[in-house]
Structure formats: structure tokens, C-alpha cells
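To start, the structure itself, in C-alpha cells.
The numbers here are math on the coordinates, done by the rules we state, and not lab data. Everything numeric in this text was worked out from a predicted model, so none of it was measured. Neighbour counts are summed over all protein chains in view; Cβ atoms, including those assigned to glycine, are modelled from backbone coordinates with ideal geometry.
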Amino acid sequence: MTAESRTLARHDWVLANPWPYAVLGLVLTFLGWVWALAAGDALAGLRAALVFFALVTTAVGLVLRLNSTRPVFLDRAAPGLRNAVLLGLAIVFLLLAFALTFLLLARPFYDGIPWKFATLFVFWVFTVPAYTTAARVCLKSAKVGSLLSEREETALLLVLAALTTFCGCWALYNPNQPLEWDTMRTFLWALMLVPLLAAPLVLVSQTARRFVLSLLIVFHLGGICTAALAAPPQPAPISHLWMRVYRPYLEFMYLNNAYHFYAPEPGPASYLWFRIFYVDEANKVRLRYAQWYKIPHIDERGRHGHTVSLEYQRHLSLTENVVHSDPTPSTHLTNGEFAPWFGRRLELAVDSPMRVGKERPTTTLRIPFENYLAPVQQYTLPNSVSKAHLECFARFVCRLPHNENPNLKVESVKIYRVRHVIAPWTVLGEGTDPRDPELYQPFYMGEYSPQGKLLDSDSPYLYWLLPNRRENTADKFSVIRCWAHKHAEDEEWIYRYSEREGRHVLTKEE
């Protein structure tokens with residue numbers, strides 16, 4: 001057997017043909033869609049696995065076509081198939097161009113369209129010229145009567161891939177629970193746009209492809225510049241670009257968040273401190289141990305303990321999940337009394353005034369308010385999403401063994417969300433240490449069981465700031481009391497200035 005015959009035999013192998021994979025993927029997602037309509041949420045996990053397998057087979061078909069040296073796999077089909085394929089592609093491209101144009105023109109007059117005019121306009125600019133050009137190429141090629149080309153077959157496979165993804169979106173939709181699989185369906189909708197945009201680009205000239213891809217790159221870089229410049233105070237054109245053009249793209253790609261941290265004035269960063277409590281059940285006397293675990297890990301010198309800085313940045317991003325809060329509730333009830341969440345904390349302040357008819361609480365831990373903030377500004381009520389993340393964090397850290405005795409059993413964990421205020425440049429110019437403990441504001445987020453259940457929902461300090469308070473505000477070398485460490489039963493809770501270290505260091509109370 002010659003080398004040429006062996007090559008032809010390998011190309012004729014059925015598993016090297018992309019069409020069985022593409023057709024199988026489309027059929028499976030369509031069956032999943034019918035399954036969802038008929039059975040509702042029954043066996044939703046199995047249906048999701050079916051969609052995943054269908055997407056994999058579709059991707060395999062595309063890879064085989066793009067990596068194959070064979071001109072066309074449909075060359076053995078009926079002679080009239082080529083014209084049908086070209087006319088079908090032309091009709092699809094023209095319908096897409098007409099639909100986008102209609103949505104763009106109707107958007108100013110009909111608010112029921114879910115996309116904004118600017119978003120539709122940007123999408124129209126990138127797609128409709130390519131669709132119309134590709135449709136013209138298909139109609140022109142259909143008149144020639146030659147064999148089907150590799151580019152035309154690739155475009156058809158891309159259209160089938162988009163149709164497969166579309167069916168996969170609806171296969172995961174449950175009308176009884178519309179938010180179920182919402183993230184995956186959003187991802188599939190975005191994934192569907194990729195082959196829909198790539199299909200016409202395969203058919204147009206190389207110059208047109210380069211122009212569209214260059215335009216996409218310019219649009220992407222313009223979005224990054226807008227994200228960096230959109231933080232207040234910003235020029236009016238940048239504000240309009242951010243709100244009307246780039247915001248949906250940047251938020252979906254999550255390209256807007258990190259750029260706001262650095263310009264023009266960086267906002268506060270968030271850390272998470274965990275005080276994990278252990279018990280020795282093997283000992284007759286129930287002894288309690290504790291250790292700190294912090295995300296991200298930063299030592300007292302302000303240096304992170306991660307392998308690379310990128311790992312530190314990723315851990316820092318994790319803490320942003322517990323920042324979101326609900327509006328602060330009213331401090332007074334309808335009868336004029338303090339609301340319980342505010343009254344209990346007010347009574348436990350060191351310098352709180354005596355109230356007629358109210359006995360001062362007998363608790364031994366009395367924590368003062370922050371010097372520079374009003375009491376109501378020292379309370380942050382996390383929303384439901386932040387509370388769910390706090391429970392997840394609690395379950396995670398409760399699986400960590402004790403550093404010195406791994407046999408100890410975790411009893412509970414206290415969580416503190418620390419807001420690190422970045423000192424303005426004017427304050428830093430006066431000689432303030434950026435590591436000054438007073439710039440760290442710990443909020444107590446509750447004590448949790450190893451199962452993630454909140455144990456002290458009635459704590460008077462829950463969701464309150466437990467400040468790092470300087471004794472003498474006029475002396476930057478003055479002693480600073482870390483009330484979060486005191487609340488966490490840590491013996492080292494007094495910051496004293498060390499001339500040797502050139503900073504405040506934690507020490508025990510004398």
C-alpha cells in the first residue's frame with residue numbers, strides 16, 4: 001500500500017469525520033430541551049450531564065474540521081447539497097442581520113427589548129456588516145456551480161454549533177425555578193455568540209477578517225481604558241462610554257473591578273480574620289485552644305506570606321464576597337425607644353451615658369466606639385449573599401487542623417471582616433505609617449459552628465466595628481488597643497510602638 005493510499009484510508013475513517021459529532025451534539029441538546037419541557041425539573045443533573053456531553057461532541061467535530069487537511073467531508077453527498085448549504089447559510093445570515101437591525105431600530109420606541117440601544121448598536125457594528133458580506137459571498141458562490149469548499153463547510157459546522165448551544169440553554173431552563181442553572185445558561189448564551197460571529201468571518205476575505213478582529217481588539221482595549229478612567233471624578237465622555245457602551249461587556253468579563261482599586265484614589269481593601277477555637281476532648285479537663293487564620297495572609301510588617309503577588313491578589317479578591325451589605329436599619333422604634341441592635345451596643349460602650357430606668361449590663365467586656373465615626377456608621381449589616389459566603393468560609397476554616405496539635409477538635413470560629421483604610425497622600429506626607437493599626441477597622445461577623453451555623457445571633461457586638469483605638473489621638477506613638485483581639489480572647493491585644501521595629505507591635509496587657 002502506497003503512502004497516498006494510506007493517507008486516503010486514514011481520512012476515510014468514520015471517526016475522523018466531524019459530521020457525526022456535530023449531528024450527535026445537536027440531537028442530544030434538542031432531546032434535552034424536549035426532556036425539560038416534558039419532565040420539568042426531574043433528573044436535572046442527568047440532563048445537565050447530557051448537555052455537557054453534547055457540547056463536548058460538538059467541540060470535537062469543530063476541532064476535527066479545523067485540523068483536517070481534507071478539503072470537504074460532504075463531497076460524497078448529493079450533487080444538489082452544495083447549493084442547498086450555500087442558500088441555507090445565506091438565509092441564516094440575512095435573517096440574523098435583519099433581526100439585529102429590527103431590534104436596533106425598535107429599541108428607542110419599545111422598552112420591552114432587554115438590551116440597551118448602545119449595546120445593540122455595538123453588536124450591530126461587529127456583526128451585521130459581516131453577516132451581509134457572508135450572505136453575498138454564499139449567493140455568489142451558489143451560481144458558480146463548483147464543489148463545496150472547506151470554508152463553507154466550516155461555516156456550516158459553526159452555525160450548527162451555535163444552534164446546539166442554543167438548544168443547550170433551553171435544555172437547562174426550568175420554568176418552575178427560572179434561576180436554576182442561571183449562571184450556566186448565561187455562559188452558554190455568551191458561548192453561542194462565538195460561533196455566530198466566527199461563521200461569517202470564515203467566508204469573508206482575509207482583509208475583512210483582519211479588520212473585524214482588529215476592531216474587536218481596539219474595542220477591548222478601549223474598555224480597559226474606560227474602566228481605569230471611570231472612577232470619580234471622571235470626564236463626561238468617559239462616564240457616558242462606561243454607562244452606555246462598555247458596562248455590560250466589562251461586567252460580564254469581570255474586567256472593571258480591579259482597575260477601580262488604584263485610580264484616582266484607591267478605596268479600602270477587605271481582609272478576613274478567623275479566630276478558630278479547638279478543644280481537647282481526650283483530656284478529662286476540657287481545655288480550649290485558639291489560633292488565627294487570615295485571608296490574605298499578611299504578617300505584622302505588612303508583607304504577604306503567599307508564593308507570588310498574584311496569589312495574594314486572588315486571595316484578596318475572595319474577601320470582596322462578604323462586603324455587600326443591606327441598608328442600615330433605623331436606630332429607633334416607633335415608640336421612641338432604641339432599636340435592640342443599637343440599644344444593646346450603646347449600653348456596652350465604655351463611655352455610654354447612664355439611662356434612667358435601665359441597669360448597666362454586667363458583662364465584663366465593654367468596648368468603646370471608634371473616635372472618628374458616628375456610632376451608626378460603625379454598623380454594617382451583610383446581605384443574604386454575604387451571609388451565605390460567611391457560612392462557606394466558616395465551614396472551610398473549621399477543617400484546618402491546629403498548628404501544634406492536629407488531634408484537637410474544632411469547636412467554633414469567630415469571623416472578623418477587616419476594612420483597611422488607605423491613608424490619603426496628605427496624611428502619608430505628614431509621616432503616618434501606612435501600617436498604622438488604627439487604619440484597620442475590624443467588624444465582628446459572628447461566631448460559627450463547624451457546620452457554618454451562626455451561634456451568637458443575639459450578640460450585642462454582631463456586625464459592629466470593634467476598633468483599634470488610640471489612647472492619645474494627638475500622639476502617633478501612643479498605645480493602641482485592638483478590641484477585636486480582646487473580643488477574640490487573644491492575650492496579645494495591645495499595640496505598643498517599638499523603636500527597634502519602627503512600628504506598633506502586638507503585646508500582652510501589663
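Taking θ as phi - 60°, what are the ³J(HN,Hα) couplings along the range 118-129 by the Karplus curve (6.51, -1.76, 1.60), each to the nearest whole Hz, with x for Gly and Pro?
With the stated coefficients, the range 118-129 comes to 5, 5, 5, 5, 4, 5, 4, 4, 7, 10, 4, x Hz.
Please give the peptides 177-188, 54-65 ranked by average Cβ packing (other Cβ atoms within 10 Å per residue), highest first, as a rough proxy for protection.
On the way: 177-188: 13.8, 54-65: 19.7.
Those peptides, ordered most packed to least, come out 54-65, 177-188.
What is the dipole size for the range 269-466, taken about its Cα centre, with +1 at each Lys and Arg Cβ and -1 at each Asp and Glu Cβ, in debye to the nearest 20? Don't skip to the end; give the middle numbers.
Working: 23 positive and 22 negative charges, 100 e Å.
Here the size comes out at about 480 debye.
Using just the C-alpha positions of the chain as equal point scatterers, what log10 of I(q)/I(0) does the Debye formula give at each q in 0.09 1/Å?
For the requested q values the scattering log ratios are -0.89.
What's log10 of I(q)/I(0) for the range 369-467 at q = 0.15 Å⁻¹, Debye sum over Cα points only, no solvent?
-0.74
Using alpha carbons only, what's the Rg to Rh ratio of the range 269-466 with Rh from Kirkwood? Mind showing how you got there, number by number?
Values: Rg = 18.8 Å, Rh = 18.9 Å.
A ratio of 1.00.
Quick query: amide H of residue 445 versus all other amide H atoms, modeled in the peptide plane; which residues come in under 5 Å with a sequence gap of 5 or more or a different chain?
415, 416, 417, 463
Taking amide hydrogens as modeled 1.01 Å from N in the peptide plane, which residues meet the under 5 Å criterion relative to residue 503, leaving out close sequence neighbours?
Result for residue 503 returns 498.
Any chance you could check the Cα centroid distance between the range 85-155 and the range 162-224 for me, in angstrom?
Answer, in whole Å: 14.
Just to confirm my numbers, what's the Cα centroid distance between the range 235-251 and the range 438-509 in Å?
40
When ranked by the protection proxy of mean other Cβ atoms within 10 Å per residue, highest first, what sequence do the peptides 216-228, 81-93 form?
81-93, 216-228
In what sequence do 153, 489 fall when counting other Cβ within 10 Å, fewest first? List each step's numbers first, then the result.
Details: 153 23, 489 13.
Ordered by Cβ neighbours within 10 Å, fewest first: 489, 153.
With axes computed from alpha carbons, what is the tilt in degrees of helix 44-67 against the longest principal axis of the chain, rounded to the nearest 10 within 0 to 90?
For 44-67 against the chain, the angle is about 50 degrees.
Along the range 92-100, what does the Karplus equation 6.51 cos²θ - 1.76 cosθ + 1.60 (θ = phi - 60°) give for ³J(HN,Hα), rounded to whole Hz, x for Gly and Pro?
Per residue, the Karplus-derived 3J(HN,Hα) values read 4, 5, 5, 5, 5, 5, 5, 5, 5 Hz.
For the chain, what is the calculated [θ] at 222 nm in deg cm²/dmol (nearest 500), taking -39500 (n - 2.57) for each run of four or more DSSP H residues and dividing by its residue count?
Values: 15 runs with 233 residues, N = 510.
That calculation yields -15000 deg cm²/dmol at 222 nm.
Listed here are the pairs 387/476; 387/508; 294/453; which of them are more than 25 Å apart at the Cα? It would help to have the intermediate numbers written out before the result.
Numbers: 387/476 36 Å; 387/508 33 Å; 294/453 20 Å.
Among 387/476; 387/508; 294/453, the Cα-Cα distance tops 25 Å for 387/476; 387/508.
Can you run phi through the Karplus equation (6.51, -1.76, 1.60; θ = phi - 60°) for the range 226-241 and list ³J(HN,Hα) in whole Hz, with x for Gly and Pro?
Going residue by residue, I get 5, 4, 6, 9, 7, 5, x, x, 10, x, 4, x, 5, 4, 5, 4 Hz, with x marking Gly and Pro.
Can you compute the equivalent ellipsoid semi-axes for the range 205-264, i.e. the square root of 5 times each eigenvalue of the Cα gyration tensor, sorted largest first and rounded to whole Å?
Semi-axes (√(5λ), whole Å): 25, 12, 10.
Once you have the Kirkwood Rh of the range 164-279 from its Cα pairs, apply Stokes-Einstein at 10 °C and 1.306 mPa s and quote D in µm²/s. Numbers along the way, then the final one.
Details: Rh = 17.9 Å.
Answer from the Stokes-Einstein relation: 89 µm²/s.
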